[in-house]
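The values are calculated or read from the model by the stated rules, or taken from the named source; none is laboratory data. These numbers come from a predicted model, not from an experiment. Reconstructed Cβ throughout: ideal geometry from the backbone, glycine too, with neighbour counts over all protein chains shown. Each accessible area value is taken on the protein alone, full model and side chains, heavy atoms only, with ligands, DNA and RNA left out. Shrake-Rupley method; radii C 1.70, N 1.55, O 1.52, S 1.80 Å.
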Amino acid sequence: MSMTSALQKQVKKRELFAWALYDFANSGYTTVVLTTVFSAYFVGVVAAHHPAATLILTATLSASYLLLMCTLPQMGAWADRTGNKKSLLLFSTIACVLATVLLAKAEAGTVWWAVLFLLLSNYAYGVGEAMIAAFLPEIAKREALGRVSGWGWGFGYFGGMLTLGLSLWLVMSSERQGLGASSYVPWVMGLTAGVFALAATPALIFLRQRKPVVEAKQLRLSFWQRLPSLYKECRSSYPDLGWLLICGACYHAGIAVIITLSSVYATQAMGFSMSQTMMLIFTVNIAAAVGALTFGHVQDRIGHKRALAITLCGWLVMVIVAVVTTSVSGFWWAAALAGLCIGSSQSAGRAMVGLLAPAGRLAEMYSLWAFSVQLAAVVGPLAYGLVSWFSGGNHRLALSATALFFIAGLVVLRQIQFERGERAAQ
C-alpha cells in the first residue's frame, strides 16, 4: 500500500508529515529528559545520591501521571465536543517547552525546583501525546492504521536521535574540558526545548480541526462520574476495547520502567558514564525506529493480536538478558532488543485503539488509553523504586520484577477479539 492510498479522503501528505513531525518533536523530551540525561542527573547531582533519590524521581513522575489520569478523560471529551484537539495540543506544547527550559536551573540541592518542573513538563507532554494520537484515525484508513502509526513512531525516534546526538556532542565536549554535569545539563535542557518547539510547529499549523460529532451530554459528566460511566460502557458496548486498556496498562508498566530508569540502571548497576549511557540510548533509538517502521507493516499483515504477542515475548527475553548479563557487550544486546520492542509495541497499541474506538469520540477514547498508560507509568517505575529501596539498591532484582508486567499483558491479550471489537466500534 502506497503512502497516499493509506490516507483517508481529503487528507494530504502535508498533514501526514506534520502529524509525524510531532512524534519527531516530543521524542527528544522523553529520550533526553526522562530516559538519559535528566533522570541520571537528578539522582546523581540534584539529589546527591541520597538513598531515596530513585524513589523521589519515580514518585515525581508518578504524581504527574496521576494528575494526567485525573484530567485527561474530561479534556478528551471536551476536545471531541468542541473540536479543539488542536488547541489542547498547542497549550500542552508551550507548557512542556517552557517547563523543560526551567529544568536548566536545577542544580545540587534544588530538589523541589527539579521536582516541580519535571512534574509540569511531563504532565504537559502527556496531554500532547494523547491529543496527537487522537488525530491518527482521522488521517489513516482503518486497514493502514498499523503502518501509519509505525511511520509516526519511527520518524519520532529519529527526532529523539537528533536531540540526543546534539546533546551527546555537548556532553562529550564539556567532559573533554573537564566540566561536570552541572555545567552541561542546563545547555542540554535548553537544546531539548528548542528542538521540541521547532519540530512541533508544522503540526500546530497544518493539522486540521474536524467537525465534532459528540452529543453535549457527554461533556456534562464530572471526572468522578466519567470514569465509572466509561468503564461500564466499555464492558457493555466495547468489551474488547476494555480488555485492550487493561492489557496496555500491564505491558506499559514494564515499558515505563525501561524508558524512565534505563539510564539509572546503566549508571548504577553497570557503571556506565554519562556519555556511555547516552551512546547506549542512541543505539536503542536506532533499533526502536527500525522496529516501528517495519513492524507496522507486519502488524497490518499478520494481525494486531499476534503482532503484539510477539513484541511482549521479545520484552521478556530482553529482561532476562539484561538481568543475567554482567558484561558490557551483553547489556548492549539487551538494549538493542529493548529498542526493537519499544518501537513495535508502542506503535501497535496506538493503532489498535484506533481500530476499537468508536468514531466521533477519538480524543476521549485516546485519553482513556492515555489514562491506562499513565496508570502503568505510576505502577511500573514506583514498583521498581520500591524494590530497589527495600533491597538496598539491588537494581537487578528490581529489573527482574518488571517481567511480571509483560507476563500479565500476555495473559490479558488472550481475551481480546479484534473482529468483534471492530464491529462494535463501527
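Details
- On the stretch given as segment 160-186, residues that are in contact with an Asp or Glu (Cβ under 9 Å, 6 or more places away or on another chain) and on the phi > 0 side of the Ramachandran plot total 0.
- Output for segment 409-426, where each listed residue is part of a helix (DSSP H, G or I), more than 29 Å from G128 (Cα to Cα) and either at pLDDT 85 or above or touching a strand residue (DSSP E or B) at 6+ places or on another chain (Cβ under 6 Å) (or both): V411
- When residues of segment 86-113 are limited to those that are over 24 Å from A203 (Cα atoms) and crowded, with 19+ Cβ neighbours inside 10 Å, the one modelled with the lowest pLDDT: A106
- Pairing each residue of segment 178-189 that is over 12 Å from A106 (Cα atoms) with any residue that is of a type in the set (D, E) and surrounded by 21 or more Cβ atoms within 10 Å (Cβ to Cβ), provided the two are 6+ apart or on different chains, yields no C-beta distance under 6 Å.
- Failed item, numbered, when M318 is tested on (1) in contact with a Gly (Cβ under 9 Å, 6 or more places away or on another chain); (2) surrounded by 24 or more Cβ atoms within 10 Å (Cβ to Cβ): (1)
Condition check ((1) among the small types (G, A, S); (2) open to solvent by 10 Å² or more (accessible area, probe 1.4 Å)) across all residues:
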{"site": "V115", "(1), (2)": "no, yes"}
{"site": "F135", "(1), (2)": "no, no"}
{"site": "I139", "(1), (2)": "no, no"}
{"site": "V148", "(1), (2)": "no, no"}
{"site": "F155", "(1), (2)": "no, yes"}
{"site": "G159", "(1), (2)": "yes, no"}
{"site": "L164", "(1), (2)": "no, no"}
{"site": "V195", "(1), (2)": "no, yes"}
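- Segment 1-57, residues that are without any contact (Cβ under 8 Å) to a residue 40 or more places away in the chain, within 28 Å of G194 (Cα to Cα) and not in a helix (DSSP H, G or I): K12
- Members of segment 369-401 that are among the hydroxyl-bearing types (S, T, Y), under 20 Å from I56 (Cβ atoms) and buried (at least 21 other Cβ atoms within 10 Å of the Cβ): Y384, S388
- Only residues that are β-branched (V, I, T) and either farther than 25 Å from F282 by Cβ or open to solvent by 10 Å² or more (accessible area, probe 1.4 Å) (or both) were counted in segment 44-59, giving 3.
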